[in-house]
Amino acid sequence: MRGLLIGFGILLLVGGLGVGIWYYLDEKAEVRIKGMIGSEKSSFLENEQVKAILKKKYGIVVDYVRAGSIEMVSEETKADIDFLWPSSQVALEIFKIKQGDKIVRSENIFNSPIVIYSWDIIVNALVKTGIVKKELSTYYVTDMPGMLKMIREGKKWSDIGITQLYGKISVTTTDPTKSNSGNMFAGLIANILKGGDVIVESDLPQVLPELKEFFARQGFMQNTSGVLFEQFLKTGVGQYPLMGGYESQVVEFSRMHQDFWPKVKNQIKILYPVPTVWSEHPLIIVNKKAAVLVDALKDEDIQRIAWEQHGFRTGLMGVQNDPKILLADGVPASVTRIIPMPRAAVMEKIIEALTDGK
Amino acid sequence: MKTQLLPATMKNLPYILVAALIIVSLNSCKKKPQDFTILSGSENLPLEKIVTDFAKKEDFQVKFKYEGSVDIMLELQKNSLKYDAVWPASGIWITLGDQERKVRYAQSIMTSPVVFGIKKSLAKKLGFVGRDIKVSEILKAIREKKLRFMMTSASQSNSGASAYIGFLYAFLGHPEYISSDDLDKPELKKEITDLLAGINRSSGSSAWLKDLYLKGGYDAMVNYEALMIEANQELIRNGKEPLYIIYPTDGMVIADSQLGYIDGGNIKKEDFFKKLQAHLLSEDIQHQLLLLGRRTGFAGELENAPAVVFNPDWGIDPKKILSPIKLPRADVILKALNLYQTVFRKPSLTLFCLDYSGSMMGGNIDQVKKSMEILLDQDLARTYFLQSSPNDITFVIPFAGTILDAWQVAGNNQPDMLSMLAKIRKTKTNGATDIYSPAILALEQIKMIDSVKYITAIILMTDGESNTGKKFADLEEAWKKNARDVPVFLIKFGDASDAQLAQIAELTNGAVFDGRKDLIGAFRKVKGYN
């Protein structure tokens, strides 16, 4: 009996030691890197499959904090941050202007167009006004100037036949001075106010007043697109009749709530502005040890998961962005009517003007 | 055999000890659950059990710290790392408070609109039943003195702030958005001041306001739909008249109850948080929340809402789309809260009774002095939205076995406040305890003031059992004779008698606050009640 106990004791000790060594070695093989990311990519980074590929194939464990894309590139990057992953090329350009010397490497990983989320009763009314048209199974805001005109003139929801809703027509976005989706929306609207042309600095005096008014009318604005989308879904058509966001958000939501999705599928509509802008997701490496993340995120399996489960379009060779495998309806195979964002210097002026308005 | 075994055992003794140690330490890890503190709005009180039951299974001990939403915002700005998670009534307070971006994974657990509840017979009399009501109609009833209502302090609590913003929109003629300049309009000041004068009771917490309503004698309150449902269920159980719920078409705000993790770098806690959040969002718990009167599910729809909870007789229409107003920009909200505190709100008449008995000597009285400094020094008070207005009146009555003195400041003049503070600091501790005499004196002071114009409160802080002087019966007589609804809020400190304090709270529709862990916090919270 005593012998057994002793044996057990030794076994425990050896076992414990073994586990310790295993842990130690395992830790060694890992690179832990920390970054700041746009909130819309957090579920992707939380995806167990993605985590497993990053860890097993590339030895990376990613830790992150969520931040608005514009905020993260504008403020001084803290010492413990290894990479930034904002949601637009503009953010990268701003970072280059402000702290360009910190960049070790940067590369675009994903794309997602800016869309307007809405609800069946709203879209039906907008189709009647001729502002929205359905082509195949996708809804397009073919008359963006017309939509802006309604907003400018202070038309109420009841004026287009939606008597259940209080207040005037508006599109809710995130704060364009802090978060990317709102910022891109500002760039898109500025272009449309210019008559569908990419605005340059000399156009600003002409478009700024209306642009300021467009955002002032929203009142309180969220700082991150993830929170805004979540609220859109929770509170429904009354609180957010029209909401600017990324196409990827609905793809991800429908995947993550598969039991629930069929119940709301027919109510939630995606509107593609014509033209719209691409949100690109450039990965900015500021610490050499994180450079391995660039290749890791371009891994074919990761890119496939990114599209199928999180809705990020990839555009890489061999990876199909096939909407048929998605649960969300009305997502087109490709988005072709695109306008470039204004240059970063112009966007900075716009951000400044919208901040001044406060 | 024996002789052989013994040395072997001796040799192996260190290993056995180590092994035993490992086992013991593993066991002790199991036995002591890890603490996890949630900074939460008081409306989540009925959900505490759902959370703690789940936590037990995960070997965590969850503690709720209940604060008003505005205080939650301030705590996030100042001491976010004291907490592991944050759960205010509305995510807006996380957005405003989380400047360091410590909050992660914030998600809405449920929603509930901020609404008016009016005693059904009165709602009928006012013609408010069965049709859409605008804020202006409610305001008209208040102006004509047909309706008086209770509302939490807009500068402390989300439900009060939401209703207040709804009023601002109405008075400004429903602009598309409220600008900073709008708030300076003189006609706004007049109207909103008149309206807030119709408030007969205020508080820093929505749950407490509901409890107070249940004590009877009140006609209407502003609160969450969920708390109206809770109140009505209890009113019906007690054979009393329910509240009829009004959703002002042009002044309603939805609270979205976001629960977020505060990242203090503890992986275990983070993991637990994610599980907890997933649990709260699971179908089963979401259904339980629905039964508790919270709106769950997506798209703002009330699916399978049981009629006993979302009762149409109480004015609830599960099919109706809730169309809220837009909240103003962050800076405008903060300016509006400051204006509420300093200009618009009904003035406060506050009477502090402070215990200077012998046992308060040393660190205890120092904490009281520090607390009073935060409330009286207007520069400090401002950082908590607790500054006084020019129309406020503040009394301080220091007591021990007898009343030691009484001081008064009318208004918010900083030198006056500081000179009263100097007196508070100078007074020495000594002697026995009589908590009833100062409360009676406070009531006598109130009698000399036209107290209808004020939200009145007596705040009595004590650390001991009343052992000399007047008795409870004396206070009871004085309070009843006074015939005004003056609450005595009690801050318990040291060895104060629970029974004595509870008795006073019960008599006066007041409440007891525990100041033993955080006296300064307790003073701040109490001040939020008027």
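The values are calculated or read from the model by the stated rules, or taken from the named source; none is laboratory data. Since this is a predicted model, take the numbers as computed values, not measurements. Positions of Cβ are generated from backbone atoms using ideal geometry, with glycine treated the same way; all protein chains shown enter the neighbour counts.
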remark   = Residue hits (region A:333-343; surrounded by fewer than 19 Cβ atoms within 10 Å (Cβ to Cβ) and more than 19 Å from A:Gly195 (Cβ to Cβ)) are A:Ala333, A:Ser334, A:Thr336
key: Answer residue from region A:91-122, given it is among the aliphatic types (A, V, I, L, M), away from every other protein chain (no Cβ under 14 Å) and crowded, with 16+ Cβ neighbours inside 10 Å and is farthest from the chain's Cα centre (by Cα) among those   = A:Ile94
request  = Identify the single condition in (1) under 20 Å from the mean Cα position of the chain (by Cα); (2) more than 14 Å from every other protein chain (Cβ to nearest Cβ); (3) under 23 Å from A:Lys149 (Cα atoms); (4) in a helix (DSSP H, G or I) that A:Asn191 does not satisfy, given that it satisfies every other one.
outcome  = (1)
task = Could you tell me which numbered condition A:Asp80 fails, if it satisfies all but one of (1) in contact (Cβ under 8 Å) with a residue 40 or more places away in the chain; (2) away from every other protein chain (no Cβ under 14 Å); (3) farther than 18 Å from A:Lys178 by Cβ?
result = (2)
task = State whether one or more residues within region A:232-243 are in contact (Cβ under 8 Å) with a residue 12 or more places away in the chain, part of a strand (DSSP E or B) and surrounded by 22 or more Cβ atoms within 10 Å (Cβ to Cβ).
result = yes
ask   = Could we say that B:Leu380 is over 23 Å from B:Ser153 (Cβ atoms), aliphatic (A, V, I, L, M) and assigned to a helix (DSSP H, G or I) here?
value = no
query = Which number in (1) out of contact with any Phe, Trp or Tyr (no Cβ under 8 Å at 6 or more places or on another chain); (2) of a type outside the set (Phe, Trp, Tyr); (3) within 30 Å of B:Gln258 (Cα to Cα) marks the one condition that B:Asp181 misses?
reply = (3)
task = Would you point out the residue of region B:280-302, among those that are over 26 Å from the mean Cα position of the chain (by Cα) and more than 10 Å from every other protein chain (Cβ to nearest Cβ), that is surrounded by the fewest Cβ atoms within 10 Å (Cβ to Cβ)?
result = B:Asp284
message = Out of the residues in region B:303-346 meeting the condition of being within 14 Å of chain A (Cβ to nearest Cβ) and acidic (Asp, Glu), tell me which one is nearest to B:Gln107 (Cα to Cα).
response = B:Glu303
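Condition check ((1) within 14 Å of chain B (Cβ to nearest Cβ); (2) within 20 Å of the chain's Cα centre (by Cα)) across all residues:
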{"residue": "A:Phe185", "(1), (2)": "no, yes"}
{"residue": "A:Phe253", "(1), (2)": "yes, yes"}
{"residue": "A:Phe260", "(1), (2)": "yes, no"}
{"residue": "A:Val264", "(1), (2)": "yes, no"}
{"residue": "A:Pro275", "(1), (2)": "no, yes"}
task = Within region A:111-125, identify whether any single residue is without any contact (Cβ under 8 Å) to a residue 40 or more places away in the chain, β-branched (Val, Ile, Thr), in a helix (DSSP H, G or I) and within 25 Å of A:Gln164 (Cβ to Cβ), and answer yes or no.
result = no
query = Can you name the residue in region B:303-360 that is under 30 Å from B:Leu441 (Cβ atoms) and of a type in the set (Lys, Arg) and, of all such residues, is surrounded by the fewest Cβ atoms within 10 Å (Cβ to Cβ)?
reply = B:Lys346
query = Is it the case that B:Ala89 is under 22 Å from B:Ser69 (Cα atoms), assigned by TED's automatic domain parsing to the domain that holds B:Asn266 and of a type in the set (A, V, I, L, M)?
reply = yes
query = Is it the case that A:Gln258 is outside any strand (DSSP E or B) and touching a Pro at 6+ places or on another chain (Cβ under 6 Å)?
reply = no
task = Could you check, for region A:331-345, whether at least one of its residues is under 27 Å from A:Asn191 (Cα atoms) and in a helix (DSSP H, G or I)?
result = yes
